[in-house]
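Read through the structure below, which is laid out as structure tokens, and then see the notes.
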Amino acid sequence: TVASIILLILLNIFDLVPSKFSEAPRQLIRAERHAKGLHLDYVLDNHTANVYDPLKETDTAVYWHIHKASGSSVKSYYTCMGKVMVDRVGTSNGHHEDKQIAVWENEYHFRWVNVDSSTYDGLTRAKELGLGNSGLADVVVTALLPAALAVFSHSHQARVFALFRHPIDRAASLYYYRQVSSWEVGQDVYRPDLADVSIEEFYQRKRGTQDNPILSALLNKDRVVETLTDEDLAKGKEILEQKVLIGLTNKMEASMNRFDTYFGWYDDENRPKCRNLFIDQKVNSNNSYKHVEPGSQLWNEMAVIMDYDIKLYNYAVHLWHEQRKLFYDTVDFNLVQVL
């Protein structure tokens, strides 16, 4: 219905469900990240399935949400399809007080597990309630990938998939988004003052620094205080190659076909209508902005600042082509749509 579509747009674009994490000062967020004592290698080796290994019934799809890379469209799409979701909506309507893990359904028959995967506290609660071993979720959506992997186990593993967007295009989109996103709660997202600063001046101020939020997030590093190295880039590439099913925002149709084929959702009866709304028509895409011209002075300056993220993105594009072999044996499927 129209009402249900509007609800999905509101939930997934504007993130109207508040969280304690989003209101925390940045320094507390940094401290919390390290206080959790995450062991990245351990959760990758034990809690995360290899992308080329056969899918198991006990595996759970985990969507690594890279902000401003069509994540809202993906969330809306799978919610529309009737998948049981895990995201920040799960603890709305009083479900943050639930003592046992369960699935709840709203009046439009959209379904969530009653935990929040958007915060460290929410993921800690999800682990304590047994989300990983429950088998209740179809799709876990999170920007905090290493912390989310800690929720799972050797017997119930995460299957990670993600959409990648060129870092300069993503950063430009985010820059303009921050000027208008008054609905965002905390996290230093809404910055109306940026409307008085040109994007050229904004990045001129960053000269001599590095800013690689994607690689930092992948490795559970603080992008502000932890300097990345070539070894970190090599580690990030290894993780993508072994553990992540790659999608690209500039190949959106084929990416969603790959995701749905991989997880066995391609024949879902709700798929055509949901795809038309949230992938083809992009009804919840609300951020217009001035693109940065490749090869321009601004592009070149941004490329130096986010060098590692660009190299990681280029490797993701390489893996996109490599992973086509996953779909060669797909029965009754038009390979042109995934290749």
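The values are calculated or read from the model by the stated rules, or taken from the named source; none is laboratory data. In this text the structure is predicted, and so the values were computed from the model without any measurement. Note: ideal-geometry Cβ built from the backbone for every residue, glycine included; neighbour counts use all protein chains shown. With ligands, DNA and RNA removed, areas are computed over all heavy atoms of the protein, side chains included. Shrake-Rupley method; radii C 1.70, N 1.55, O 1.52, S 1.80 Å.
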Conditions (1) crowded, with 17+ Cβ neighbours inside 10 Å; (2) farther than 22 Å from Ser70 by Cβ -> Ser198 fails only (1)
Val115 passes all but one of the listed conditions (1) surrounded by fewer than 24 Cβ atoms within 10 Å (Cβ to Cβ); (2) in a loop (DSSP other than H, G, I, E, B); the exception is number (1)
State all residues of the range 219-244 that are open to solvent by 20 Å² or more (accessible area, probe 1.4 Å) and closer than 18 Å to Tyr63 by Cβ; if no residue qualifies, say none. Asn220, Gln242, Lys243
Just need a number here: residues in the range 105-122 that are at pLDDT below 95 and closer than 17 Å to Val43 by Cβ. 1
Collect the residues in the range 255-289 that are in contact with a strand residue (DSSP E or B) (Cβ under 8 Å, 6 or more places away or on another chain) and either farther than 26 Å from Leu149 by Cβ or not small (Gly, Ala, Ser) (or both), keeping them in residue-number order. Met256, Arg258, Phe259, Tyr262, Phe263
For the range 238-254, does any single residue satisfy the condition of being more than 22 Å from Asp169 (Cβ to Cβ) and of a type in the set (Asp, Glu)? yes
Taking helices (runs of 4 or more DSSP H) that do not extend beyond the range 149-243, which have at least 3 residues that are farther than 27 Å from Asp260 by Cβ, at pLDDT 95 or above and among the acidic types (Asp, Glu)? 230-243
When you go through Gly208, Gly135 one by one, which is the residue that is out of contact with any Lys or Arg (no Cβ under 6 Å at 6 or more places or on another chain), of a type outside the set (S, T, N, Q) and without any contact (Cβ under 8 Å) to a residue 12 or more places away in the chain? Gly208
Helices (runs of 4 or more DSSP H) wholly inside the range 11-75 that include at least 1 residues being buried (at least 20 other Cβ atoms within 10 Å of the Cβ), in contact with a Leu (Cβ under 9 Å, 6 or more places away or on another chain) and at pLDDT 95 or above: 40-47
Does the range 214-222 include one or more residues that are more than 19 Å from the chain's Cα centre (by Cα) and not hydroxyl-bearing (Ser, Thr, Tyr)? no
Sort out which residues of the range 133-148 are outside any loop (DSSP other than H, G, I, E, B), among the small types (Gly, Ala, Ser) and within 18 Å of the chain's Cα centre (by Cα), and write them in order of number. Ala147, Ala148
Quick one: would you say Glu184 is surrounded by fewer than 19 Cβ atoms within 10 Å (Cβ to Cβ), among the acidic types (Asp, Glu) and in contact with a helix residue (DSSP H, G or I) (Cβ under 6 Å, 6 or more places away or on another chain)? no
